[in-house]
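A short write-up of the structure that comes next.
Read-outs: derived from the displayed coordinates by stated rules, not from any lab. Please read these numbers as outputs of a predicted model, since none were measured by experiment. Using ideal geometry, Cβ is built from the backbone for each residue, glycine included, and neighbour counts are taken over all protein chains shown.
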Amino acid sequence: MSTQLLEVMPELFTRSEVLTLHFAEITRADEHKNIQQYMQDCEQRGEDPRDASHRQGFNERVLADTDARYLIGRYGEDRIDMLKGSHIAGEGRTLHLAVDIFSRNQEPVFAPCDGEIVVSTYEPGLHNYGNYLILRPDDASLPYIFFGHLAGDTHEIGRVEAGEQIAQLGSFEQLENGGWSVHLHLQLLTKLPQNGGAPIGYSTLADLPMNQRRFPDPQNLFPQWNIAR
């Protein structure tokens, strides 16, 4: 791919750290960001650890304890532990088809390349995407780029230039971002969804090879994105 893509958020390439969301893969090195222990502590206090405000509090604590500006939820990760009780888990769709970028603040979001915003809309409902955009790069070798969980003042349909601000991250209040902790859902699409709606964000194990072709790993587009574990 010939186009050199820019950061979609400030300092993304230099101040990102992995947040392991598959409990079976949490190691001693992850103890400062052990979300399994955090969830157990919440449950002992009678709190819902999946509530957006509690998740945001956990993310902010981890970010304060590190030099990271962002916590990264990995592509292809099994989120079965985080999705227990949801309809997605009930369908067996627990493998993540995007990269999640969690932050303390409602960071600005920039176009990583020249292109056109072809979808700018809102998906209502708790635990949906909220406000989202789809960018079609000018470089025909690049896939569509999906940005989910945004604030309401997103860029309208039309031309954008590399480095131009196209959105900012949404708040979980009033379901602006679908009711999640503050983060960007960054996903690649080889084609637009046939139904005109938003893409699926999770896959079953059986469908994973097919869905990996439909929704490639975003980190492959950003070779300069060095994520520390």
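Data table
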item	result
Stokes-Einstein D for segment 32-152, Kirkwood Rh over Cα pairs, 20 °C, 1.002 mPa s (µm²/s)	130 µm²/s
The chain - share of DSSP beta bridges that are antiparallel (%, nearest 5)	90 percent
Of Ser203, Asn220, Leu83, farthest towards positive along the dipole that unit charges on Lys, Arg, Asp, Glu beta carbons give segment 16-221	Ser203
Arg213 paired with Asp48, simple spin-label distance in nm, labels 7 Å along Cα-to-beta-carbon	3.9 nm
Restricting segment 74-178 to trypsin sites (Lys or Arg not before Pro) in coil, as DSSP defines it, with at most 13 other Cβ within 10 Å	Lys84
Shape of segment 109-196, Cα gyration tensor, a/c cut at 1.5	prolate
Virtual paramagnetic centre 7 Å along Cα→Cβ of Arg61, amide N under 20 Å, in segment 163-193	172, 180-183
Relative contact order (%) - criterion: Cα under 8 Å, at least six apart; region: the chain	23 percent
Virtual spin-label span in nm between Asp153 and Lys191, 7 Å along Cα→Cβ	3.8 nm
Segment 112-218, relative contact order in percent, only Cα pairs under 8 angstrom and at least six apart counted	25 percent
Shape category assigned to segment 167-229 from the gyration tensor of Cα positions, a/c cut at 1.5	oblate
Overall dimensions of segment 16-221 by Cα: Rg and Dmax, Å	16.7, 52
Within the chain: Cβ-based charge dipole about Cα centre, in debye rounded to nearest 20 (Lys, Arg +1; Asp, Glu -1)	480 debye
Nonlocal amide H pairs with Ile227, under 5 Å, H built at 1.01 Å	none
